[in-house]
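Asks: Take a look at this one; I'll ask things after.
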Amino acid sequence: MGLDMGQTVLQLDKFTQSVRGASKAREERLTALINSASGIDPDTAAEKTSVTKQRPYLAAEVEESLLGVYPPPPPLADWVVAAVDGSHIDVDRHLPVACYLLNFGGCVLTYGAKPDATLFSEPHLATTQEELYITDPASSTGEEMISGGLLGLVRTVKELETLANTIEQCPPNLPVLGLVDGSLVMWPLSGQAYRPYITDAIVGDGLLPVMNRLEGLAETRPVALAAYVSYPRSTEAINAVRCSLCPHDVTICTQSCNNRRSTQQPCNGANEFLDRDLFERLLEPGWRSPVYKTNSSVSRDSYNESNKVYFFYINAGEEIGRVEIPKWVAKNETLLSLAHGLVWDQCQRGQGYPVAISESHEQAVVSAGDRRVFRRMLTDSLERQGLTAATSQKDRSKRSPWV
């Protein structure tokens, strides 16, 4: 029997009625929180958020001000936006051979006196042992297959490498914004999910060299790197507010708080709010928040100083977006202004979302039909070589149901 839609819609209606009933009280709590946070001076916020490592929640570090709003800079005369996105077909354990496919799509959009647009798509089939496994340099038997979440991390690094290659080919006399979708923080590497040699390979041998390369490009002309997170669910800025208001010792905090809520006053005024809730109230279209430093353990412990990740929020017109930038952009007023202004321009052109990322996604996307064709091409190629293309019986039963 399938899903009972009649019972489901009754439960949905009950849920949305409860949300509506709580909305007024929620808005009043948010107003009170903003009023309290507005009274915190920048030095106090910076001091309190600089030592949050022992607290049971992730709070951004304040370096400008706790709250604040910054208008978009004046438009440029001529500029370039380069963006890259990626998709992949994962290793299929039901097939007799191991491989994965990465597909990178991108665009170079030139604006001003000589407008131009270039789109590209670059597939890469990974088949070698070096591409399929990350090996432990300290152990001849230590290795991890690149698939699932780990493949997503590898793809992120390769997207940035493709972006760096693309920016190197851009007109040398124009400022360039390099854009990627998602985060510059390798969040899955936090905690104990992967062994240290995996982090070293992904960050030390992959991510940081390409970010250093992009920083080097910025030494010869204005080049800014930014990652755009649409409709973010982060709470780092809200937790910075909570931390700045907190009068309690960290021992009380560890017993009373988690990343989403607190049982102590006044900290519980921030309960269940997201960063975007805060900045939907504060930001006009095109305006940005202060620049914060993420306290993610990945950025804090594994990134070199110039590439530690900072971020700000922007009212993109239709949503609050999170823009992540490396320190070498955050601390350079020219590059920070470039990132802010061109992200806003891209969102205006893309109906609330950066148009360059949208175009890159269209070039990169691997559809369900593409995946079926890829699988058929692989099995046909094996058979042409006289090799078995047998699949698992579980996979066969799913593809050929008999009831």
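Asks: Within the stretch 311-349, report the trypsin sites (Lys or Arg not before Pro) that DSSP leaves as loop and that have at most 14 other Cβ atoms within 10 Å.
Replies: Filter output for the stretch 311-349: Lys331.
Asks: Another question, if that's okay. Per residue of the chain, what 222 nm ellipticity follows from adding -39500 (n - 2.57) for every DSSP H run with n ≥ 4, rounded to the nearest 500? Before the final figure, lay out the partial values.
Replies: Details: 15 runs with 167 residues, N = 403.
The helix contribution divided over the chain gives -12500 deg cm²/dmol.
Asks: Considering the dipole of the stretch 24-384 built from charges on the beta carbon (Lys and Arg +1, Asp and Glu -1) around the Cα centre, which of Gly216, Ile357, Leu30 is farthest to its positive end?
Replies: Checked the options; the winner is Leu30.
Asks: Would you kindly work out the equivalent ellipsoid of the chain from its C-alpha gyration tensor and give its semi-axes, the square roots of five times the eigenvalues, largest first in whole Å? The partial results should precede the final answer.
Replies: Details: eigenvalues 289, 168, 110 Å².
Result for the chain: semi-axes of 38, 29, 23 Å.
Asks: Report the calculated FRET efficiency for Glu280 and Glu333 (r = Cβ-Cβ distance, R0 = 22 Å), to the nearest 0.05.
Replies: 0.25
Asks: What FRET efficiency comes out for Ala117 versus Ser140 if R0 is 60 angstrom and r is the Cβ-Cβ distance? Round to the nearest 0.05.
Replies: Details: r = 49 Å, r/R0 = 0.82.
Efficiency for this residue pair is about 0.75.
Asks: Dipole magnitude of the stretch 24-384 about its Cα centre, charges +1 at Lys/Arg Cβ and -1 at Asp/Glu Cβ only, in debye to the nearest 20?
Replies: 760
Asks: Compute the distance in nm between two label points, each set 7 Å from the Cα along the Cα-to-Cβ direction, one at Asn271 and one at Ser297.
Replies: If labels sit at Asn271 and Ser297, their model points lie 2.7 nm apart.
Asks: For the chain, which longest stretch is free of loop sites, where a loop site is one of the GluC sites (Glu not before Pro) that DSSP puts outside H, G, I, E and B and that has at most 13 other Cβ atoms within 10 Å? Let's see the in-between values first.
Replies: On the way: sites that count: Glu219, Glu272.
Segment 1-218 is the longest.
Asks: Give the residue list of trypsin sites (Lys or Arg not before Pro) in the stretch 2-70 that are DSSP loop and have at most 15 other beta-carbon atoms within 10 angstrom. List each step's numbers first, then the result.
Replies: Values: sites: Lys14, Arg20, Lys24, Arg26, Arg29, Lys48, Lys53; in loops: Lys53.
Answer in residue order: Lys53.
Asks: Relative to the longest principal axis of the C-alpha atoms of the chain, give the angle of the C-alpha long axis of helix 333-349, reported between 0 and 90° and rounded to the nearest 10°.
Replies: The two axes meet at around 70 degrees.
Asks: What does the extension gain come out to for Leu12 and Ala98, with contour length at 0.36 nm per residue minus their alpha carbon separation?
Replies: So the extension gain works out to 26.6 nm.
Asks: Same structure, new question: Net charge within 9 Å of Cys243 by Cβ-Cβ distance, Lys/Arg positive one each and Asp/Glu negative one each, not counting Cys243 itself? Before the final figure, lay out the partial values.
Replies: Working: positive: Lys48, Arg55, Arg242; negative: none.
Computed value for this residue: +3.
Asks: Less than 17 Å apart at the alpha-carbon level, and either on another chain or at least 8 residues along: which aspartates and glutamates does that give for Lys14?
Replies: Asp4
Asks: Step through the table entries Lys24/Lys293; Lys48/Lys308; Lys114/Lys308; Lys53/Lys308; Lys24/Lys53; Lys158/Lys327, compare each Cα-Cα distance with 26 Å, and write down the pairs that go over it.
Replies: Lys24/Lys293; Lys114/Lys308; Lys24/Lys53
Asks: Compute the FRET efficiency between Ser306 and Asn173 as 1/(1 + (r/R0)^6), taking r as their Cβ-Cβ distance and R0 = 22 Å, and round to the nearest 0.05.
Replies: On the way: r = 25 Å, r/R0 = 1.14.
According to the calculation, E is roughly 0.30.
Asks: With point charges of +1 on the Cβ of Lys and Arg and -1 on the Cβ of Asp and Glu, referenced to the Cα centre of the chain, which listed residue (Ala368, Ser381, Leu225) lies farthest in the positive direction of the dipole?
Replies: Checking the options against the dipole of the chain, the answer is Ala368.
Asks: For helix 368-384, report the angle its Cα long axis makes with the longest principal axis of the Cα atoms of the chain; keep it between 0 and 90° and round to the nearest 10°.
Replies: Between helix and principal axis, roughly 30 degrees.
Asks: Expressed as cubic angstrom per residue, what is the convex hull volume of the alpha carbon set of the stretch 105-194?
Replies: Dividing the Cα hull volume of the stretch 105-194 by its residues yields 135 Å³.
Asks: Fewest Cβ neighbours within 10 Å first, please rank Ile34, Ile89, Ile167 accordingly.
Replies: Ile34, Ile89, Ile167
Each value in this text was obtained by applying a stated rule to the coordinates, not by laboratory testing. Model, not experiment: these values are computed from the prediction. No Cβ is skipped: glycine too gets one built from the backbone with ideal geometry, and neighbour counts run over all protein chains shown.
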